Amino acid sequence: MYMKNFKTVIGKTSLIFAVSLLLFWSLGPIYWSFVTSITPPNDLVSSELHLWPETVSFEHYGKLFGATSISQGNEVQSIWPQFSKAFANSLVTSIGATLLTVLIAAFGAYAFVRFTFPGRDILFYVVVATMAIPAYTVMIPLYRLMISLSLINTHTGVIFIYISAFLPLALWLMRSVYQAIPISLEEAAYLDGAGKTYTLMRIVLPLAAPGLIAAAILTFLNAWGQFMVPLVFSPTLATKPLTVLIPEFVTRNYIDYGLMNAAGIVAIAPPIILVVFLNKYLVSGLMAGSGK
Amino acid sequence: MAKLEISNLTKNYGKVEVIKGVDLTVEDGEFVSLIGSSGCGKSTLLRMIAGLEDITSGSISIDGRVINDVEPKDRDIAMVFQNYALYPHLTVAENMGFSLHLRGVPKNEAKIAVEKVAETLGLTPYLDRAPKALSGGQRQRVAMGRAIVRNPRIFLFDEPLSNLDAKLRVQMRLEIKALQKRLGTTSIYVTHDQVEALTMSDRLVLLNGGQVEQIGTPMEVYKKPANIFVASFIGSPAMNLFDGILHRDVEQTFVTVHGNKILVPNCPKLTNGTKVKLGIRPEHLKYAATDSGNNIINMKVSMTETTGAETYAYGHFGDEAMTIKLNGEDAIKSGDKISLTVKTNLLHVFDYVTGIRINN
Ligand SMILES: Nc1ncnc2c1ncn2[C@@H]1O[C@H](COP(=O)(O)OP(=O)(O)OP(=O)(O)O)[C@@H](O)[C@H]1O
Ligand SMILES: [Mg+2]
């Protein structure tokens, strides 16, 4: 009895410790970034470390959103036009890539699970194995390919690259989602008079919704955070996303930490909103109740 | 109206032959059970009828029309799955009305049909619930209801009661039977529970290794098992089988087992001195008044079991194991040596090699 209590106390304590460590690890940098973004520029260079700024200032956000702003005592042009364009670019490429990837994965993975064709499993593993290829190795051939297709510096081009990069993961995920759906549900639908497409749309996809949403979240987060691909393939502001724009706030003689962090905080808003909204639909246990 | 005819049906999975030439005719309105041990191909045969498995050779026809290549959705056959296969994201009413909706039945008509069936199955209070909010027995009813609402040409059941507890199983068995009689829909019922098969069916089909061993009414199958497989499969406890030698002279036919002379029904085809298997059902052995003479089995009891109503005794006759089924009241204990007798007309004689029934 005593031993048991002792064990649970130890277990609880170590769990709490592990969770705190994890939270600190993942939220710490975000907090740091947030604090930096609301610290007045002059305090940023002070040597003291503050967990919360002595004076809160929204100057950096003003610089980001305002029409004009003050930088190092001079009135300068606002960076809002650049920032908003990059923000839009990020949204367009990430949303486009997410929608298409999830759409293709939804149907493709179904084919991999329910249709039998020669080489099915080999083909699937080949597709999944492409995830193991380091991006660096394909950059140059990809660049030449994109040039020949005139897709450099276009949203379409970036979206294509994202799809090819993130589809295997989505396919893999969706395949296991479909494998978990009892085939008898589909068979029951066929016997009830439903065709293959109808069954897929009305029975299979609704049941696979949590998987589709998980795939969408993963793809969106991956796409939103991409740096290297747009760095190469989105050279101008026409397609340049936030991830590439923000580091450019580093100038030759001045690193605007405050501005970078303010921009960073704004940039993490869409993924957070997406996860919070879609998480609602990520209800588990949707399958419960089909069988005995 | 639906008469199902299956002729010379086979099914291969790659090189493995799972169904080996099955012939079966199910008359309109008939209730036929497919029974056999696990892996004998019951589900496969049922799924071939449903159109969920393709046919390697042979044919399946409904009312004279071959349906080998007809899609499942166009066969107008309803199936109750072992795991029920209810659509988890639809309510009970939507589950039951799914097929009507697909067929374009107007909404209010479909609603009335669903409510009517729900009424007969006692599902009215649950129509707006999700399947996951139902008990196993209620889910089973929804699965039944989904099949009934359609008014299909044929019902197929794949062990629909195997997930229910014993009491509910008996109740549902009676209900399914009554429903089927009332609706008059041709039904094929897969089970490995012989009590279900015997009590519910007009006829049984005994399958073994993808082949039909016997087709017959419950009584035929019990009284005249076509071979040793059927004899030991049907009946509980299983039939006792003893090695013996057949003798016949002018006035009688008898089998000698461990020196005892047991008179058997006429076995016209056999010659004197043939080795046979003698089958005696445990429930047909009764206490004998004497311990010698014709039709006497001397049993040495090694173990007994009682359910209250019935007592089973396990033991040996010579070196062969045997079982008897007695009244619960009968006092019997291990170590007893008892003499039993059996009526000649209740005996079964099988060919020693082929296992085929010999006597009439
Ligand atoms: N897809 C398949 N590939 C190869 N063999 C299969 C396949 N499906 C079934 N079988 C084999 O076919 C045989 C018959 O299977 P089936 O499911 O019809 O048995 P069953 O009589 O319904 O058994 P149970 O009572 O256990 O449900 C089994 O031996 C099984 O191993
Ligand atoms: Mg089966």
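The values are calculated or read from the model by the stated rules, or taken from the named source; none is laboratory data. Computed from a prediction, not measured in an experiment: that's the story for all the values here. Quick reminder, even Gly has a Cβ in these numbers, built from the backbone with ideal geometry, and neighbours come from all protein chains shown. Just the protein is used for accessible areas: all its heavy atoms, side chains included, with ligands, DNA and RNA removed. Shrake-Rupley method; radii C 1.70, N 1.55, O 1.52, S 1.80 Å.
Can you give the three extents of the C-alpha atoms in the protein assembly as shown along their principal axes, from longest to shortest, in whole Å?
The principal-axis extents, from largest down, are 131, 71, 52 Å.
Going down the list B:11/B:224; B:3/B:42; B:42/B:167; A:196/B:73; B:223/B:337; B:111/B:181, which pairs span over 21 Å between their C-alpha atoms? Mind dumping the intermediate values first?
Working: B:11/B:224 29 Å; B:3/B:42 19 Å; B:42/B:167 25 Å; A:196/B:73 10 Å; B:223/B:337 29 Å; B:111/B:181 24 Å.
From B:11/B:224; B:3/B:42; B:42/B:167; A:196/B:73; B:223/B:337; B:111/B:181, over 21 Å: B:11/B:224; B:42/B:167; B:223/B:337; B:111/B:181.
For residue B:128, what accessible surface area do you get with a 1.4 Å probe? Give it in Å², rounded to 10.
Roll a 1.4 Å probe over it and residue B:128 shows about 140 Å².
Please calculate the 1.4 Å probe accessible area of residue A:58, with all protein chains present, and give it to the nearest 10 Å².
It works out to around 140 Å².
Specify the residue with the greatest mean-square fluctuation among A:132, A:267, A:105, computed from a Gaussian network of chain A linking alpha-carbon atoms under 10 Å apart.
Greatest mean-square fluctuation among the candidates belongs to A:132.
Could you rank B:219, A:201, A:139 by how accessible they are, 1.4 Å probe, largest area first? Each step should come with its number before you reach the end.
On the way: B:219 120, A:201 95, A:139 25 Å².
Sorted descending by solvent-accessible area, the residues read B:219, A:201, A:139.
Cα centroids of segment A:175-221 and segment B:317-360: how far apart, whole angstrom?
What the calculation gives is 56 Å, centre to centre.
Determine the per residue accessible area of the protein assembly as shown with all protein chains present and a 1.4 angstrom probe, expressed in square angstrom.
50 Å²
Would you mind giving the mean number of other chain beta-carbons within 10 Å of the Cβ of each residue in A:193-203, as a whole number? Walk me through the numbers on the way to the answer.
Numbers: counts 16, 6, 4, 2, 0, 2, 1, 0, 0, 6, 5.
That works out to 4 on average.
For segment B:157-177 and segment B:97-147, what is the centre-to-centre distance using only Cα atoms, to the nearest Å?
Cα centroid to Cα centroid, the span is 19 Å.
Which of the peptides B:332-343, B:257-268 is most tightly packed, and how do the rest follow, going by the mean number of other Cβ atoms within 10 Å of each residue?
Put in order of decreasing packing, that is B:257-268, B:332-343.
If you roll a 1.4 angstrom probe over the protein chains with everything in place, what fraction of the accessible area of the protein assembly as shown belongs to carbon and sulfur, to the nearest %? Let's see the in-between values first.
Values: 20070 of 32600 Å².
Here carbon and sulfur together make up 62 percent of the probe-accessible area.
Name the most mobile residue of A:14, A:184, A:78, meaning the one with the largest mean-square fluctuation, in a Gaussian network model of chain A with Cα contacts below 10 Å.
Looking only at A:14, A:184, A:78, the biggest GNM fluctuation is shown by A:14.
By accessible area of protein heavy atoms, probe 1.4 Å, what ranking do A:25, A:172, A:80, A:224 get, highest first? If you can, show how the numbers build up before the last one.
Details: A:25 200, A:172 130, A:80 100, A:224 25 Å².
So, going from the largest accessible area down, we get A:25, A:172, A:80, A:224.
So which residue, out of B:209, B:315, B:273, gets the largest mean-square fluctuation from a GNM of chain B using Cα contacts under 10 Å as springs?
B:273
Heads up, I need the accessible area for residue B:100: 1.4 angstrom probe, whole protein in place, Å², nearest 10.
Here the accessible area works out near 10 Å².
Please average, across the residues of B:130-142, the number of beta carbons from any other chain that are within 10 Å of each residue's own beta carbon, and give a whole number.
Working: counts 3, 4, 7, 2, 1, 0, 2, 1, 0, 4, 1, 0, 0.
Across the residues of B:130-142, the mean count of other-chain Cβ atoms within 10 Å is 2.
Out of all Cα-Cα pairs in chain A, roughly what percent, to the nearest whole number, are more than 23 Å apart? Walk me through the numbers on the way to the answer.
Numbers: 28687 of 42486 pairs.
Within chain A, distances greater than 23 Å cover 68 percent of Cα pairs.
How many Å² of accessible surface get buried when A and B come together, counting both sides, probe radius 1.4 Å, rounded to the nearest 100?
On the way: alone 17800 and 17080 Å², together 32600 Å².
The contact between B and A buries close to 2300 Å².
Quantify how much of the Cα-Cα distance distribution of segment B:24-182 extends past 22 Å, in percent. Mind showing how you got there, number by number?
Values: 5586 of 12561 pairs.
Counting pairs separated by more than 22 Å, the tail of P(r) holds 44 percent.
For segment B:70-146, what class follows from the C-alpha gyration tensor (a ≥ b ≥ c being the square roots of its eigenvalues): rounded when a/c is under 1.5, otherwise prolate if a/b is larger than b/c, else oblate? Numbers along the way, then the final one.
Values: a/c = 1.80, a/b = 1.19, b/c = 1.51.
Oblate is the answer for segment B:70-146, as a/c is 1.5 or above yet b/c matches or exceeds a/b.
Counting only other chains, and only Cβ atoms inside 10 Å, what mean value do you get across the residues of B:96-102?
Details: counts 0, 1, 7, 6, 2, 4, 7.
Averaged over the peptide's residues, the number is 4.
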